[in-house]
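The values are calculated or read from the model by the stated rules, or taken from the named source; none is laboratory data. Because the structure is a prediction, the values reported are computed rather than measured. Positions of Cβ are backbone-derived with ideal geometry, glycine not excepted, and every protein chain shown enters the neighbour counts.
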Amino acid sequence: MNKDFPYRLYLVTDQALCLGRDFFWVVEEGLKGGVDIVQLREKDLDMESFSRKAERLKALCDRYKVPLVINDDVHVAKSIDAAALHVGQSDSPISDARGVLGEDFPIGLSLDKISDLEKPKSKLAWYFGVSPIYSTPTKTDTQYEWGLEGLQDLRKKTHKKLVAIGRVKVENAAEMIQSGADCLAVVSGICSAPSPAHAAEAFREAIEKGLSKR
Ligand code: TZP
Ligand code: MG
């Protein structure tokens with residue numbers, strides 16, 4: 001993974017939202033449409049299936065020269081030589097993960113609220129997930145919404161790259177970029193789109209529009 005985090009469109013997977021279509025087809029369509037970073041995040045898989053899926057997905061992402069991030073599973077991240085690990089506030093501590101993965105291993109961290117920024121572990125993160133911008137049926141255990149104002153406030157307080165997540169749609173993508181997000185993370189907007197490739201293209205266009213208005 002490039003430490004400058006030049007990525008713009010981050011597909012976070014959820015097989016259950018792929019409408020019964022082949023998981024790898026959905027991801028590949030997203031890649032064809034302009035997804036430039038992928039995270040394997042599957043909450044319904046046992047360890048063995050998660051690990052097998054990670055291996056296959058790594059091969060696909062390698063073909064597109066796109067980094068694959070593993071959600072929360074340090075050992076899978078290590079065994080498939082993932083580009084990065086992503087953790088939430090209550091997942092494995094970054095310092096423990098670095099013990100397994102090495103001191104320079106890229107780790108992304110979700111911030112649930114502005115005070116999370118002050119926690120020591122924030123210093124160790126390569127990028128921040130801003131979670132969620134808006135509450136979403138895809139993840140129902142969230143308590144707070146950043147909204148655009150929260151995102152703008154956070155933008156003023158850190159130079160690290162910000163990845164907006166939570167009900168990111170083509171319709172609100174440009175304003176999230178204008179509010180300071182560097183990258184947009186999308187689950188249902190791509191996984192459940194009639195054409196994941198066209199959806200990814202539409203996100204990329206909206207992102208360019210947001211960047212041009214900054
Ligand atoms: N973390 C915060 S919101 C979210 C995650 C994984 C889910 C976002 O899903 P969607 O479908 O893009 O709203
Ligand atoms: Mg987690």
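Observations on the model:
- Of all residues in segment 17-44, those satisfying the criterion of being among the hydrophobic types (A, V, I, L, M, F, W, C) and surrounded by 14 or more Cβ atoms within 10 Å (Cβ to Cβ) are 17, 18, 23, 24, 26, 27, 31, 35, 37, 38, 40.
- Selected residue [more than 20 Å from residue 137 (Cα to Cα) and at pLDDT 95 or above] from 32, 3: 32
- Residues satisfying the stated conditions in segment 123-155, i.e. β-branched (Val, Ile, Thr) and away from ligand 2 (no atom under 16 Å from the Cβ): 133
- Answer residue from segment 76-131, given it is among the hydroxyl-bearing types (Ser, Thr, Tyr) and exposed (fewer than 13 other Cβ atoms within 10 Å of the Cβ) and is farthest from residue 49 (Cα to Cα) among those: 115
- Taking segment 55-162 as the region of interest, the helices (runs of 4 or more DSSP H) fully inside it that hold 3 or more residues being under 18 Å from the mean Cα position of the chain (by Cα), at pLDDT 95 or above and not hydroxyl-bearing (Ser, Thr, Tyr) are 74-79, 147-157.
- Cβ pairs under 8 Å, 6+ apart, first in segment 134-145 and free of Cβ contacts under 8 Å to residues at least 24 places away in the same chain, second more than 6 Å from ligand 1 (Cβ to nearest atom) and among the polar types (S, T, N, Q): 145/135
- Evaluated against (1) crowded, with 21+ Cβ neighbours inside 10 Å; (2) within 12 Å of ligand 1 (Cβ to nearest atom), residue 139 falls short on exactly one condition, (1).
- Test: residue in segment 185-201 that is assigned to a strand (DSSP E or B), surrounded by 15 or more Cβ atoms within 10 Å (Cβ to Cβ) and of a type in the set (A, V, I, L, M): yes
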